[in-house]
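Following: one structure in C-alpha cells, then a few remarks.
Just so you know, all these numbers are worked out from the coordinates, no wet-lab data involved. Predicted, not measured: the structure shown is a model, and the values here were computed from it. All Cβ positions, glycine included, derive from the backbone under ideal geometry; neighbour counts span all protein chains shown.
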Amino acid sequence: MADNNTTARPYAQAIFDIAKDTGTMELWAEGLMLAKEIFKDSHLNDFLSKPSLSPEQKLKFISELFSEITDETMIFSGDDDCGNNLIKLLIENSRISVFPEISEHFNSLKSELENSVNVTVSSAVPLSEDQKLALEEVLKKRFDSEIYLQTEIDETLVGGAIIRTGDVVIDGSLRASLSGLSNVINS
C-alpha cells in the first residue's frame, strides 16, 4: 500500500494545475491549509473511516464542517464545485485522510512557482520582530528565495530554535548543541 505522500502527490498536482489555470492559487492554498489542520485529527479520520457511514453521509458531514468554520469565499464552501468535487473524489477513493499531505505538496508546488520558501521556526520563547526580520534576511540569502516565516513555541526546547522547510531541518536548539558536545567529548 502506498504511503500518504505518494497518494497525495497526483491530487496536489491536479489541484495546482486547476488553481494556476483559474487564478485561484491563494483560495486553494488557504482552503488546503484549513483542511490540513482539520484532518490532522485522528479521531475525525477514525470517524470518517467507519464503514457504517455512506459516502453521502461523509460528504454531508464534511460539507457542514467546512461551512461552520469558513465563509462563502473559501474553496470548500458549499458553492464551490471544484472543492466539493475534490472532497467527493477523496471520499470515493477512501483517501480523505491524505488532506494534510495534499496541502504540503500543493504548497511546495506553489512555492516553487513563486520562488518562495515556507519556513517554520520552533523556539522556546516567542521571537521578537527584529529576530524574525534578521532570520528572514539570512534565510533569504541561503535559499535565494522569498521567505514566508511562521513561528511556533515548542515548550520542550530549553533554548535556541529549530528551523524547518521542506526536507531541510536546521537544529540550532540547545539540546542539539549539548548532544554534539557530548559526542565530541565521548569520542
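Worth pointing out:
- The label point for L133 and the one for S179, both projected 7 Å from the Cα toward the Cβ, are 3.4 nm apart.
- Residues whose placed amide H lies under 5 Å from that of G160, excluding near-sequence neighbours: A124, L174
- The angle between the Cα long axis of helix 129-143 and the main principal axis of the chain comes to about 80°, on a 0 to 90 degree scale.
- All Cα pairs of segment 4-110, percent lying beyond 17 Å: 48
- Across all Cα atoms of segment 117-186, the radius of gyration (one decimal) and Dmax (whole number) stand at 13.0, 41 Å.
- With a Cα cut-off of under 14 Å and a minimum spacing of 8 residues unless on different chains, the lysine pairs in segment 4-110 number 4.
- Distance between the C-alpha centres of segment 12-37 and segment 140-162: 24 Å, rounded to the whole angstrom.
- Phi to ³J(HN,Hα) by Karplus 6.51 cos²θ - 1.76 cosθ + 1.60 over segment 9-19, Hz, x for Gly, Pro: 3, x, 5, 4, 5, 5, 5, 4, 4, 5, 4
- A helix-only calculation puts the chain at -19000 deg cm²/dmol for mean residue ellipticity at 222 nm, using -39500 (n - 2.57) for each DSSP H run of at least four residues, averaged over all residues.
- Scaling the Cα radius of gyration of the chain by the globular reference 2.2 N^0.38 Å produces a ratio of 1.22.
- For segment 117-186, size of Cβ-based charge dipole, Lys and Arg +1, Asp and Glu -1, in debye: 220
- Tilt relative to the chain, helix 174-186 - C-alpha long axis, 0 to 90 degrees, to 10: 50
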